[in-house]
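Got a structure for you, written out below as structure tokens; questions coming shortly.
The values are calculated or read from the model by the stated rules, or taken from the named source; none is laboratory data. In this text the structure is predicted, and so the values were computed from the model without any measurement. Cβ placement follows ideal geometry from the backbone for every residue including glycine, while neighbour counts extend to all protein chains displayed. These area figures cover heavy atoms from the full protein model, side chains too; ligands, DNA and RNA do not enter into them. Shrake-Rupley method; radii C 1.70, N 1.55, O 1.52, S 1.80 Å.
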Amino acid sequence: MLLTYFQPDPGPINFVTPGPIGSADIVINDTALYQTIYGFGAALTDSSALLLYNLKTENSGNYWSLMDYLFNATDGANSAGFSFIRVPLGATDFSARNYSYDDVSGDTPLYDFNIGVTPSYVFTVLRDILSINNMLRVYILPWSPPGWLKESGTMDGGSLNTAYISVMANYLLKSLQGFQSEGISVYAIGIQNEPENSNPTYPTCSMPVSTEADIGIALRTYMNGNGFGNTKIIGYEHNWADAANYPVQLMQQAASSFDGVSFHCYAGTVSDQAEFTSRYPNKEVYFTECSGTIGSDWWTDMKWYMDNLFIGSLAYGSSAGLMWNLALDGNGNPKLPGTSSCTPPCRGVVQVNSNGTWSVNQEFYAMGQASKAILPRDVGGPWGQRIGVSLGGELDWALVVGAYVTKRVSPTDWNRYSIVVLNWDDSASTTWNPQPVTATIEFRGLQATYTFPVGVTTLWWYAPD
């Protein structure tokens, strides 16, 4: 059953006076309240937007059914309810061509800045997503400054000429204003995608901490003076491996300008996030990029995604979990001509085919299970928050669990409590041998029992505040 809602049979699962614990024992501590979770999603690259737009023109019915399946966040809807989208500012390795919003060399006042060079299908698809999910959080950031602002003279690799720090800050402000002019409200903006990555085959930019800090300080001032005081600035946007250094130094230099930092999965381990959160517990953390690889094993991926990202990264403080391309074709295309990235080919959350059909991949199901636990229960209501959970019992190793509470608009309505559970006990012998795990669930001095099949299960129940 793939992202399928059902009532337990026999049901309901009752909370009763505690007896002996099960093979595993899930202990919920709802007095330990942690970060709010704003949901899951992916990047709307130019390539993703093009494929989705082409699907819309080819088969409108299939397009809207896909968009609903991805983005309908209504409580109880048969959909994943994705609610966080990352949008590149200018070209990436998944664009048809290289471009920025101002490619006129020497135009330091940015007179020729033009948000309209963005392929029109990007804004068309983004507005379509917003028409389905008005709670969508949009996060924007560049893969490179305009080439003429860089020492290399090109968007492909190199670093910013530090004489242009204020120009780059203004470029980012104008990007915010450009999205606003397109009717898109922006939740957060980043300074530079992967500032420790410079690659001469696609838009990238090496950016030292001090440069990112200086841009952030200037941008915060510009934003506060131009009606974007509530828009967040997110820093770092790179791998777990350097969590103890770059993002920490960024906060040391410019904490008042940055609301938080974001992480990618391509080096290091998820526990590295603690190197940052232990030093800056009041700063926000987002997990914003990982990519599937075409041809990888479905179940191996599901286990890794839940353990490291959609349960794991949240357990280490993340308020969101995002993958790389929202949509690609079956070959991981289209890509920027000549780019060396994504070798072997990257897989989209969705595969869109040229014949007007689509299918969703393992990334969809992993995020969908997690999303169901934290979406607002009420229209305009609060998002889920992570709460305390621990595991005991002889099979405590067999389950990975995240626990959440979603509060209500009316004080008389009971809170929704939810757990996302990965049972990865699949090899009790040397071959595929899935073992259901009978677990007890301890909550406020009461105990429920449920047998979790191998796979991912999301359960919820209601209780007063």
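Looking only at strands (runs of 3 or more DSSP E) that fall completely inside the range 152-232, which ones have 2 or more residues that are touching a residue at least 24 places away in the same chain (Cβ under 8 Å) and within 19 Å of residue 261 (Cβ to Cβ)? Break it down into steps so the answer makes sense when it comes.
On the way: elements: 156-159, 188-190, 204-206.
The strands (runs of 3 or more DSSP E) meeting that bar are 188-190, 204-206.
Could I ask something else about it? Got a number for residues in the range 131-151 being over 24 Å from the mean Cα position of the chain (by Cα) and part of a helix (DSSP H, G or I)? Write out each step before concluding.
Applying the first criterion (over 24 Å from the mean Cα position of the chain (by Cα)) to the range 131-151 yields 146-151.
Checking the rest, the ones that are also part of a helix (DSSP H, G or I) come to 147-149.
Total satisfying the criteria: 3.
Quick check on residue 262: is it in contact with a Ser or Thr (Cβ under 6 Å, 6 or more places away or on another chain) and polar (S, T, N, Q)? Quick ask: steps written out before the conclusion?
On the way: in contact with a Ser or Thr (Cβ under 6 Å, 6 or more places away or on another chain): yes; polar (S, T, N, Q): yes.
Yes: the conditions hold for residue 262.
Out of (1) closer than 16 Å to residue 143 by Cβ; (2) more than 25 Å from the chain's Cα centre (by Cα), what's the single condition that is false for residue 61?
(1)
Evaluate the following for residue 206: is it open to solvent by 40 Å² or more (accessible area, probe 1.4 Å) and either of a type outside the set (Val, Ile, Thr) or modelled with pLDDT under 95 (or both)?
yes
For a quick check of your reading of the model, give me the residue pairs whose first member lies in the range 53-72 and is crowded, with 17+ Cβ neighbours inside 10 Å, whose second is of a type in the set (Lys, Arg), with beta-carbon atoms closer than 8 Å and at least 6 apart or on different chains.
63/56
Can you spot a residue in the range 217-225 that is closer than 23 Å to residue 246 by Cα, modelled with pLDDT of 95 or more and open to solvent by 40 Å² or more (accessible area, probe 1.4 Å)?
Yes: the range 217-225 contains one or more residues that are closer than 23 Å to residue 246 by Cα, modelled with pLDDT of 95 or more and open to solvent by 40 Å² or more (accessible area, probe 1.4 Å).
Can you work out which of the residues in the range 366-383 that are under 9 Å from residue 406 (Cα atoms) and of a type in the set (Gly, Ala, Ser) is surrounded by the most Cβ atoms within 10 Å (Cβ to Cβ)? So that I can check it myself, show each step before the final result.
Residues of the range 366-383 under 9 Å from residue 406 (Cα atoms): 373-377, 381-383.
Cutting the leftovers down to of a type in the set (Gly, Ala, Ser) gives us 373, 381.
On the way: 373: 25, 381: 16.
The residue in question is 373.
Within the range 407-465, how many residues are open to solvent by 20 Å² or more (accessible area, probe 1.4 Å), over 22 Å from residue 1 (Cβ atoms) and touching a residue at least 24 places away in the same chain (Cβ under 8 Å)?
Counting residues in the range 407-465 that are open to solvent by 20 Å² or more (accessible area, probe 1.4 Å), over 22 Å from residue 1 (Cβ atoms) and touching a residue at least 24 places away in the same chain (Cβ under 8 Å) gives 14.
Here is a follow-up. Could you please give the count of residues in the range 1-30 that are under 18 Å from residue 373 (Cα atoms) and in contact (Cβ under 8 Å) with a residue 12 or more places away in the chain?
Qualifying residue count, the range 1-30: 10.
Further, regarding this structure: Note down all Cβ pairs under 8 Å where the first residue falls in the range 271-287 and is touching a residue at least 40 places away in the same chain (Cβ under 8 Å) and within 24 Å of residue 138 (Cα to Cα), the second is outside any helix (DSSP H, G or I) and open to solvent by 80 Å² or more (accessible area, probe 1.4 Å), and they're at least six residues apart or on different chains.
Within 8 Å, the pairs are 273/316; 277/316; 285/316.
Pick from the range 93-130 the residues that are among the aromatic types (Phe, Trp, Tyr) and either out of contact with any helix residue (DSSP H, G or I) (no Cβ under 7 Å at 6 or more places or on another chain) or assigned to a loop (DSSP other than H, G, I, E, B) (or both): which of them is surrounded by the most Cβ atoms within 10 Å (Cβ to Cβ)? So that I can check it myself, show each step before the final result.
Just the residues of the range 93-130 that are among the aromatic types (Phe, Trp, Tyr), to begin with: 94, 99, 101, 111, 113, 121, 123.
Remaining after also requiring either out of contact with any helix residue (DSSP H, G or I) (no Cβ under 7 Å at 6 or more places or on another chain) or assigned to a loop (DSSP other than H, G, I, E, B) (or both): 94, 99, 101, 111, 113, 123.
Values: 94: 28, 99: 18, 101: 20, 111: 9, 113: 21, 123: 20.
The residue in question is 94.
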